[in-house]
Amino acid sequence: MEQGFQRPAVIGLGLMGGSLALSLKEHKNIECVYGYDISEEVRKKASSLGLCDKVEKKPEDAVRKADIVFLAVPVSAIVKTFMEISKVLSPDTVVVDIGSVKLPVVEGIEARIPDEIHFIGGHPMAGSEQSGIESARPDLFRDCYFILTPTQNTDPESFSRLHHFLTESGSRVISMDPRTHDEAIATVSHVPHLLSLLLMELAMREREKIKNLFTIAAGGFRDMTRIAASNPDTWIDIFMENREFIIERLERYSEGITRMISILERGDHESLYEMFLSSKRSRSELSVRKGTEISQLFEVTLPVSDRPGVLSKVSTAVGSLGINIEDISIIHPLEGEKGILSLKILGEDKAKQVVRHLESLGYFPALRKV
């Protein structure tokens, strides 16, 4: 098994970075967690709260001894921050960002990264309407999906080490290519957030005419506008970085609004009923993702050529099914160009689905119960 990480560094100690630092301190075999934040006040709070073992005054000092670095800064600052620390990183250091926009970050860093440093884009699907270092907690990422976005340039061993490290920390790791990630997150996160703002804005205008509107607001309205209370400083930065895909989806949503208006104008009961049924069936899928027992762990193995990009292709192919890989490793049983890629999947049905999909792509997978 690949060597784990022992000296992580976290750059940016807000809610996400602070929570990550706390969770890293609980991870086995960790010698020291280094931390840095651009704010002196946040650095002092991080020290007093014990978020890190060492809180440094400069980002370069925080990463100098690290074997893995997590960039938890605003999305628009990730590439710039990487450039600031890249010159002092030790050889074979793995750098991971945790921003919710991937394509500009991955392309920006891979165009500048030194040969001996390994970068992997990441996005933990966790968070809170709360913000700031005071809200950090060690279990924020536990049982959440942690998306990794490998490319053909991703070092297979570093990816495997990171995958195992995150899984040991309690995250459920899934892989996607950077563009698909940004398109998907625009649909399920960014656009809903903006629609929540628009709904809240509509209600505020109506409140000028109906003074007790908020008093009678029911659970549905509160559920749909909950995320409108999020920190604007964080989200505006994210929306601007992913605006291309957000605009595309808002235009599609606008088409849906036009179609809904037409249905209501026509009094088309049947079309509205079909829309309800279709949405209800799809919505039910959101509640069946968890709950598979560890006893249902299956291993999918397949021979792969030892060439750049093969691990990225296989892991993102599995990710495209909406199935996460519980653990991943590459075994080289003999000298030569072939290795054995091992994927651990929870659930026999999902494992068989992975096998069928990989076979359709020209691979020769085998399946066994762990």
| Within the range 62-89, tally of residues that are closer than 25 Å to G4 by Cβ, over 20 Å from the mean Cα position of the chain (by Cα) and assigned to a helix (DSSP H, G or I) | 5
| said: Let me spell it out: the conditions are (1) at pLDDT below 85; (2) touching a Ser or Thr at 6+ places or on another chain (Cβ under 7 Å), and T301 meets all of them except one. Which number is the exception? | reply: (1)
| request: Spot the failing condition for D92; the list is (1) more than 15 Å from the chain's Cα centre (by Cα); (2) assigned to a loop (DSSP other than H, G, I, E, B); (3) buried (at least 20 other Cβ atoms within 10 Å of the Cβ), and only one is missed. | output: (3)
| Those residues of the range 95-135 which are out of contact with any strand residue (DSSP E or B) (no Cβ under 9 Å at 6 or more places or on another chain) and in contact (Cβ under 8 Å) with a residue 60 or more places away in the chain, in sequence order | P104, E107, G127, S128, E129, Q130, S131, G132, I133, E134, S135
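Would the range 203-214 turn up any residue that is touching a residue at least 24 places away in the same chain (Cβ under 8 Å), loosely packed, with under 15 Cβ neighbours inside 10 Å, acidic (D, E) and part of a helix (DSSP H, G or I)? Explain how you work it out, then say what you get.
Pass one, the range 203-214, residues touching a residue at least 24 places away in the same chain (Cβ under 8 Å): none.
The answer is no; no qualifying residue exists.
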| task | Would you please list the contacts, defined by Cβ atoms under 7 Å and residues six or more apart or on different chains, that run from a residue in the range 267-279 that is surrounded by 13 or more Cβ atoms within 10 Å (Cβ to Cβ) to a residue that is in a helix (DSSP H, G or I)? | result | S271/I263; L272/I263
| note | If we keep only residues of the range 21-48 that are surrounded by fewer than 23 Cβ atoms within 10 Å (Cβ to Cβ), charged (D, E, K, R) and within 22 Å of the chain's Cα centre (by Cα), then the residue nearest to S171 (Cα to Cα) is E26
| query | Could you say whether any residue in the range 144-163 is polar (S, T, N, Q), crowded, with 19+ Cβ neighbours inside 10 Å and under 20 Å from I238 (Cα atoms)? | reply | yes
| Residue count for the range 117-148, restricted to those that are under 23 Å from S230 (Cβ atoms) and part of a strand (DSSP E or B) | 7
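For I185, state whether it is outside any helix (DSSP H, G or I) and crowded, with 20+ Cβ neighbours inside 10 Å. Give the derivation first.
Working: outside any helix (DSSP H, G or I): no; crowded, with 20+ Cβ neighbours inside 10 Å: yes.
Spelling it out, it is not the case that I185 is outside any helix (DSSP H, G or I) and crowded, with 20+ Cβ neighbours inside 10 Å.
Within the range 165-178, is even one residue part of a helix (DSSP H, G or I), closer than 26 Å to P8 by Cβ and of a type in the set (V, I, T)? Let's see the steps before the verdict.
First, the residues of the range 165-178 that are part of a helix (DSSP H, G or I): 165-168, 178.
When the remaining residues are screened for being closer than 26 Å to P8 by Cβ, the result is 165-168, 178.
Filter once more, keeping what is of a type in the set (V, I, T): 167.
Checked the range 165-178: at least one residue is part of a helix (DSSP H, G or I), closer than 26 Å to P8 by Cβ and of a type in the set (V, I, T).
Looking at this structure, is E107 surrounded by fewer than 23 Cβ atoms within 10 Å (Cβ to Cβ), of a type outside the set (S, T, Y) and closer than 22 Å to I38 by Cα? Outline the logic, then answer.
Numbers: surrounded by fewer than 23 Cβ atoms within 10 Å (Cβ to Cβ): yes; of a type outside the set (S, T, Y): yes; closer than 22 Å to I38 by Cα: no.
No: the conditions fail for E107.
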| message | I need a count of the residues in the range 16-30 that are part of a helix (DSSP H, G or I) and in contact with a Gly (Cβ under 6 Å, 6 or more places away or on another chain). | response | 1
| field | Odd one out for T292, checked against (1) of a type outside the set (F, W, Y); (2) surrounded by 15 or more Cβ atoms within 10 Å (Cβ to Cβ); (3) at pLDDT 75 or above | value | (3)
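The values are calculated or read from the model by the stated rules, or taken from the named source; none is laboratory data. Fair warning: this is a prediction, and the values are worked out from it, not measured in the lab. Here Cβ is always computed from backbone atoms with ideal geometry, including for glycine, and neighbour counts include all displayed protein chains.
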